[in-house]
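Colleague: Below you will find the structure I want to go over with you.
The values are calculated or read from the model by the stated rules, or taken from the named source; none is laboratory data. Treat the numbers as computed from the prediction; the structure is a model and nothing was measured. Here the Cβ positions follow ideal geometry from the backbone for every residue, glycine too, while neighbour counts run over all protein chains shown.
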Amino acid sequence: MKPDLQKIVILGAGGHAQVAADIIISTPSELALYDLVGFLDDDPAAIDNVILGKPVLGLISELNQIPHDGIFIAIGHNPVRAKLYQQSIEQEENLVNLIHNSAIISSDVSLGSGVMIAPGAIVNSGTVIGNNVIINTGATVDHHNRIGDHVHIAPGVHLGGNVIADEGSLIGIGTTIIPQRKVAAWSIVGAGSVVTKDVDSGVIAAGVPARVIKSLEQKEIE
């Protein structure tokens, strides 16, 4: 007999949250693990909206008023998502993973908690994915990658083998990173870039090949 579905609340009510909700709703019933209760968002204008048939129930701070078994943080901005993740861990919340049924994941991939793997993504053998990570639509992550906590691998990104994306890094849409390269913590790689050399921490790199164009201030990664 199939166990009861876990009741899930999504934190966030923007476009990324709608993608997360669709992963839950579109999962075939025989594979389903979760029942989506609704959304919470700190934008008062979002409250009472309906997304894919599910309501925005209130503010994120009101989570403890809503019966639930688990949560998913669906906020694309890495620093904000990281803070919410840490708060959720401190509150002993159950952070679930959302994996679209069209994603392809090798059997030996290691996943943390609160991970999204979006439609059409591929994650190959030996890869380790940390907590609160987004592997977005159509991204490919080749063998033996190391993806740190709170990383966002944007749509259409292609990572070669043995790539490291450290904590909080953002790999912009359509970027390619050649094998054995590293993007250090809390750096951003601009859309459409080709990374041929390691990227230091706390910078923005962009271009073909990617070069550092800006150093980020501390407030930009908090």
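Colleague: Please find, among 19, 50, 56, the residue that is crowded, with 16+ Cβ neighbours inside 10 Å and over 15 Å from residue 134 (Cα atoms).
Modeller: Just one listed residue meets the conditions, 56.
Colleague: Go over the candidates 176, 137, 196 one by one and state the one that is over 22 Å from residue 113 (Cα atoms) and in contact with a Pro (Cβ under 7 Å, 6 or more places away or on another chain).
Modeller: The unique qualifying residue is 196.
Colleague: Within region 104-121, take every residue that is under 14 Å from the mean Cα position of the chain (by Cα) and of a type in the set (A, V, I, L, M, F, W, C) and give me the one that is farthest from residue 26 (Cα to Cα).
Modeller: Among them, the one singled out is 111.
Colleague: Please verify whether residue 92 is closer than 18 Å to residue 201 by Cβ and either in contact with a Gly (Cβ under 8 Å, 6 or more places away or on another chain) or not in a strand (DSSP E or B) (or both), treating the condition exactly as stated.
Modeller: no
Colleague: Looking at region 104-136, which of its residues are buried (at least 20 other Cβ atoms within 10 Å of the Cβ) and assigned to a loop (DSSP other than H, G, I, E, B)?
Modeller: Scanning region 104-136 gives 114, 115, 118, 121, 127, 130, 131, 132, 133, 136.
Colleague: Among the residues of region 38-92, which ones are over 11 Å from residue 9 (Cβ atoms) and within 14 Å of the chain's Cα centre (by Cα)?
Modeller: 75, 76, 77, 78, 79, 80, 81, 82, 83, 84, 85
Colleague: Looking at region 164-197, which of its residues are of a type in the set (A, V, I, L, M, F, W, C), outside any strand (DSSP E or B) and more than 24 Å from residue 19 (Cβ to Cβ)?
Modeller: Scanning region 164-197 gives 178, 184, 185.
Colleague: Pick from region 38-56 the residues that are of a type in the set (A, V, I, L, M) and outside any helix (DSSP H, G or I): which of them is modelled with the lowest pLDDT?
Modeller: So, considering only residues that are of a type in the set (A, V, I, L, M) and outside any helix (DSSP H, G or I), the one modelled with the lowest pLDDT is 47.
Here is a yes/no grid of residues against (1) in contact with a Ser or Thr (Cβ under 6 Å, 6 or more places away or on another chain); (2) closer than 16 Å to residue 116 by Cβ; (3) outside the structural domain of residue 121 (by TED's automatic domain parsing); (4) not in a helix (DSSP H, G or I):
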{"residue": "24", "(1), (2), (3), (4)": "no, yes, yes, no"}
{"residue": "36", "(1), (2), (3), (4)": "no, yes, yes, yes"}
{"residue": "61", "(1), (2), (3), (4)": "no, no, yes, no"}
{"residue": "76", "(1), (2), (3), (4)": "no, yes, yes, yes"}
{"residue": "84", "(1), (2), (3), (4)": "no, yes, yes, no"}
